[in-house]
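The values are calculated or read from the model by the stated rules, or taken from the named source; none is laboratory data. Computed from a predicted model, the values in this text were never measured in an experiment. Cβ atoms come from the backbone with ideal geometry, glycine included; neighbour counts cover every protein chain shown. Accessible surface is based on the protein model in full, side chains and every heavy atom, while ligands, DNA and RNA are left aside. Shrake-Rupley method; radii C 1.70, N 1.55, O 1.52, S 1.80 Å.
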Amino acid sequence: GNHIEVGENFYANTHCVMLDVGKITIGNNVLFGPNVGIYTAGHPIHPESRNSAFEYGISIAIGDNVWIGGSCCVLPGVKIGNNVFVGAESVIMPNVTLGDNVIVGANSTVTKSFPDNVVIAGSPAKIIAKTDEYLKKQKEQMEIAPCYDEDFTLRGKLTEEKKQQMQQELEDKIGYVD
């Protein structure tokens, strides 16, 4: 932990591993889901070099307002911009840079760098939309989707009748809790 700098309002869920052979810099308002791994350490690929037990460390930088989903792996040399969302079980390969306002779909393998304001997904990840267009579409879907208040949550004393109501209304679509 000697090479880790963390900003304000940082939260790491259970089983977070930060291997800091190189420096790890984490901005403000950053959240890690469970089982996130941040690994600055690397080893040679060539067998003879690898057998020498050589290890290197390349720094990782994570910007402000970043959410990294559960079981994600961030490898040496990665730079993550501001306002980035990384979906669960994604892998960000060595020396990749993600620009600001990038959304990474769940279970993606990011093998190359991407500019600001894009939505990427897949293995290997590729651009599937511009961030503003994607968020506009999501907002439009939210406006026509069923929305439920806290009475429809476990905290709000969800009744069997309300549960059945939600199941019927959401049979083939998504809904939201406001």
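Looking at the structure I just gave you, is N13 at positive phi and not charged (D, E, K, R)? For N13, the condition - at positive phi and not charged (D, E, K, R) - is not met. In a residue-by-residue description of the range 75-86, the property of being modelled with pLDDT of 95 or more, surrounded by fewer than 16 Cβ atoms within 10 Å (Cβ to Cβ) and not hydroxyl-bearing (S, T, Y) applies to no position.
Here T131 clears all of (1) surrounded by 15 or more Cβ atoms within 10 Å (Cβ to Cβ); (2) of a type in the set (V, I, T); (3) over 30 Å from I60 (Cβ atoms) except the condition numbered (3).
Residues that are open to solvent by 60 Å² or more (accessible area, probe 1.4 Å) and among the acidic types (D, E) within the range 97-120 comprise just one, D116.
In the range 150-178, the qualifying residues are those that are assigned to a loop (DSSP other than H, G, I, E, B), more than 27 Å from the chain's Cα centre (by Cα) and at negative phi, and the one that is surrounded by the fewest Cβ atoms within 10 Å (Cβ to Cβ) is E171. When the range 71-127 is filtered for residues that are outside any strand (DSSP E or B) and among the small types (G, A, S), the ones remaining, listed by number, are S71, G77, G81, G87, A88, S90, G99, G105, A106, S108, S113, S123.
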